[in-house]
Amino acid sequence: MSTIPESVMSLVNLYLKPLLVWFSNKLYADLVARAKDHLLVQLQATIDLTPIEEACADYHHLTGPGARPTHPVPRLTRALLVGYLYNWSLRQLELQIRYNLIVKWFVGYSVFDVGPDHCTLNRFEQWVCEHQRRSYFDQVLRQIDADFPEERNQPQIGDTYALQANAAKESLVRLIRHTCQCLLNALAAVDAAAGQSVTEKLDYAALFGSENEPSYYRMTGTERKQQLQTTVVNALQCAQGVRTQLAATGSRSADDRQEVVDWLDRLDKILADEVQIQRDTEGHITQVSRLPKDKRGSYRIGSATDPQATYRVHGKNKVDLGYNASVAATTNFIREIQVDTGAQPDAAAIPGLLAAQVEHHDICPSKFIYDAAAGKGKTHAAVQKATQGRTQLVAPIVSTNKKAKRFTPNDFTLSAEGTCLTCPNQKSSSTAYRSGDGRNFCFAASVCQGCSLWSDCRDPKANPEGIRHVFISDHRHLLEQAQAYNQTEAFKADMKLRPHVERVIAILVRHNGGRRARRRGKKKADFQAKMNATALNIKRWLRLLAERLHPLETAKAAPLPATV
């Protein structure tokens, strides 16, 4: 093929390129004029992405030393936002930027440009997750507050939802084997010779199973027990071998060894949570058995593929391996969202949700409304501490008296000084000792002897000469205040706001990608949740702006899909 003369190429550059630029601009101008109701067209006229672009300016994707970025940060910033707005995968986003003119226009490419591929988008998203995890969420929320300042002062409602892990649940034997394999791989990455030394000393078939090992579902009960015991015994030998080699590689830095230590800790936790090991007098293992369900540990690891994901139990048939995502929202917007491992109790995240708002937005809601999971004195105290008493936690308090067959601590009266406790029969005691976050008051048998309420106060099986212990929480006064508020009409009005957070969560998980984690690890799951919430906030923001500008037209229009 003959080459184009240099003189011809100079003419092409002189006339054709400006013509293509003019054509692209003209096409976009006509397209945008005919698509004023499109989400991205409305967003372009509303949002200022400059703060996010500046926050991500340290990311440099260069084609070579000193070369200009092929895909500048402003374009990658917009591309990532579009992907979450429509809940597209990176491959889908790549194709949409390439062939969808509205998307290509919003991201910043001309009609004839080739957009970034999914690998480029992945590198940028990973960098943002690591270095600017809150930028999109915080910057969008600040602009929403500028348009709707009243939102900052609204009561907030909290709840949680399951973010399923990007990993499959593993059976116990499979989990132990997979964890051991990850442990050996981590050791080999630190010191290949050490990894080889441990592997050579292992009974590989006993630990990881032989090629002709029958399927678990074809085994008898005895065979399953034997498989578990063989696996556990060899897993312990593997862990001991790794510890010996790790001690011998003491010259390595702590960072190099940390991953090996992490996998050792995970293996120890799995065995401690799941199995009971019996040994003889010489320390040899004689029996390994599965612990009963009610004896297994908390925060149980369910998969070595994502060891930070644990089981979230919300009822008999509601068990998810993954993360517990906590939401703080007004009736319109998500004000804060964070992800914790699945086994974390719902109420444990409340102080963090409120503290994050104080730190990043200088907001402390007057009320934070929750369900009965937050109706404990410890939670009330944590909220008071996190907000310095500026936020009132509103939640139903579960009574402990309904099923009690004898007097409970609520039936006893604490003196104003907190030093003396009086029983329902006006017997008092000042003898107490610390126990956790409270005190145990002691009523001796001599004090209670002859009391007409003896059978209502003491367990009939208890020693008649024993001491009656009554635990009084340090947070009792907070619960009493909450209980008094819960009898008012204001409490009933607050609880009527609770369904709004259910609606927000439903839209978040059904239309904004909030149900299943795309990546593995708590940090990445937290970033995804914040981006999902950003997408929801943007759609609601645009809808409220449209209602403000054109209330009659908006009322007649059909509700937009995937919006609040």
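Every number in this text was worked out from the coordinates using simple rules, so none of it is lab data. This one's a predicted model, so the numbers in the text were calculated from it and none came from an experiment. Every residue, glycine among them, receives a Cβ derived from its backbone with ideal geometry; neighbour counts consider all protein chains shown.
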**Request:** Report, largest value first, the span of the C-alpha coordinates of region 409-564 along each principal axis, in whole Å.
**Result:** 78, 43, 30
**Fill in**
Note, LEU183: beta-carbon cut-off 12 Å, +1 each Lys/Arg, -1 each Asp/Glu, net -1
**Prompt:** How long, wide and thick is region 172-295, going by the Cα atoms along their three principal axes, in whole angstroms, largest first?
**Reply:** 47, 32, 28
**Request:** Please work out the ratio of the alpha-carbon Rg of region 344-498 to 2.2 N^0.38 Å and round it to two decimals.
**Result:** 1.24
**Item:** Local electrostatic count, VAL327, Cβ distance below 13 Å [Lys/Arg +1, Asp/Glu -1]
**Value:** -3
**Item:** Loop-located chymotrypsin sites (Phe, Trp or Tyr not before Pro) in region 65-168 whose Cβ has at most 14 other Cβ within 10 Å (DSSP)
**Value:** PHE112
**Prompt:** Relative contact order for the chain using alpha-carbon pairs under 8 Å, separation at least 6, rounded to a whole percent?
**Reply:** 16
**Request:** Quick one: order CYS448, CYS119 by neighbouring beta-carbon count within 10 Å, fewest to most.
**Result:** CYS119, CYS448
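Given contacts defined as C-alpha pairs under 8 Å and at least six residues apart, what's the relative contact order of region 409-480, whole-number percent?
Relative contact order for region 409-480 comes out at 27 percent.
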**Message:** Helix-only estimate, please: 222 nm mean residue ellipticity of the chain, summing -39500 (n - 2.57) across DSSP H runs of length 4 or more and dividing by its residues, to the nearest 500.
**Reply:** -15000 deg cm²/dmol
**Prompt:** For the residue pair ASN122 and ASN185, what label-to-label distance in nm results when each label sits 7 Å from Cα along the Cα-to-beta-carbon direction?
**Reply:** 1.5
**Asked** With respect to the cross-link table entries LYS318/LYS378; LYS169/LYS378; LYS385/LYS539; LYS295/LYS376; LYS318/LYS524, which display a Cα-Cα separation exceeding 28 Å?
**Response** LYS169/LYS378; LYS385/LYS539
**Item:** For region 154-237, the fraction of alpha-carbon pairs in successive 10 Å shells from zero, as %
**Value:** 14, 36, 24, 13, 7, 5, 1
**Diffusion constant of region 409-480 at 37 °C, which comes from Stokes-Einstein with the Kirkwood Cα-pair radius and 0.692 mPa s, µm²/s** = 258
**Prompt:** By how many nm would the segment from VAL21 to SER430 lengthen if fully extended, with 0.36 nm per residue of separation less the alpha-carbon distance?
**Reply:** 138.6 nm
**Complete:** Working note, region 122-181: Cα radius of gyration (Å, one decimal) and Dmax (Å, whole number) are 19.8, 55
**Prompt:** With Cβ to Cβ distances under 15 Å as the rule, what net charge do the other residues near THR50 carry (K, R +1; D, E -1)?
**Reply:** -1
**Request:** Order by neighbour count: VAL107, VAL114, VAL358, fewest other Cβ atoms within 10 Å first, most last.
**Result:** VAL114, VAL358, VAL107
**Prompt:** Quick one: what Rg and Dmax do you get for the chain from the alpha carbons, in Å?
**Reply:** 30.9, 116
**Item:** Relative contact order of region 6-132, pairs being alpha-carbon contacts under 8 Å that are 6 or more residues apart, as %
**Value:** 25
**Message:** Would you work out the Kirkwood radius for region 73-204? I mean one over the mean of 1/r across all pairs of different Cα atoms, in Å.
**Reply:** 19.5
**Asked** Given 4 °C and 1.567 mPa s, how large is the Stokes-Einstein diffusion coefficient of region 6-132 in µm²/s, with Rh as the Kirkwood radius over Cα pairs?
**Response** 81
